[in-house]
Amino acid sequence: MRVLLLRFDAPLVAFGGPVVDHHGVVQVFPAVSMLAGLIGNALGWDHRDATKLLGLQERIRHAARVDRRGEPLIDYQTVDLGQPWMLPERTGWTTRDRIAQRAGSNKTGTHQRWRHYRADSVHTVALALNGTGEPELGTIASALNTPARPLFVGRKCCLPASRIGLGITEAESPIAALAETPRSSRADPGPLPATWWSTDPADATINHSRIVSVTDERDWHNQVHIGRRLMREGVIDPPEMRSG
């Protein structure tokens, strides 16, 4: 199996989960929808390419590990949208050089929200594609190296500190590739937390794992998180990065 290796090393990362009231909470591992969105952004797609994003999301088979846990951080934000300079026709610019106008019942008034992040953490992902078609793995690797737009790790303020793509390797599965990939030079010592898509019951014994239920897929047509699927969570002990 061909597997693309990714590394998320950034001052802040935000693997978003379902929003609770005004709290933008985060999860330990990146969602499959975040990976699809990241790749789509690198390829130059946008939210109107919902069919493409949904097709890519359904093909992704991935494993992820936490090389460095970092620290939790909560950013408290408040804004008065009724100020003249915050009127809908004067709001910020998108990455496509267009004005992002607000609409709906929340376009005026004072708003509060709490955005959760992980600070100074490092995460490694092994990603494979099920089935055939475009984009294929090589196309994705090239797009991550020369993206159509700036890339971010979860939210637009979470800019990577280093190249995301580590290259393509051969392995029996994404979790096997992750177990063989050297840990980051800034990784925590000892076994590292990991999650992976797997239907092989032997993984439960080999990696001391358990099955967990996750909601990490996205209905790209309606822009909401949906579904429930099963992943495994456990620990792996990858090799140290070679010096020199």
Using the Cα centre as the reference, give the magnitude of the dipole from point charges on the C-beta atoms of region 106-179 (Lys, Arg: +1; Asp, Glu: -1; all else neutral), rounded to the nearest 20 debye.
780 debye
Return the carbon/sulfur percentage of the accessible area of region 124-244, one whole number, probe 1.4 Å, all protein chains in place.
53 percent
Just flag the GluC sites (Glu not before Pro) in region 134-242 sitting in loop per DSSP whose Cβ has no more than 16 other Cβ atoms within 10 Å.
GLU136, GLU172, GLU240
For region 138-233, give the magnitude of the charge dipole about the Cα centre (Cβ charges: +1 Lys/Arg, -1 Asp/Glu; no others), in debye to the nearest 20.
520 debye
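The values are calculated or read from the model by the stated rules, or taken from the named source; none is laboratory data. Source: prediction; values computed, not measured. Every residue, glycine among them, receives a Cβ derived from its backbone with ideal geometry; neighbour counts consider all protein chains shown. Ligands, DNA and RNA are excluded from the accessible area calculation, which covers all protein heavy atoms including side chains. Shrake-Rupley method; radii C 1.70, N 1.55, O 1.52, S 1.80 Å.
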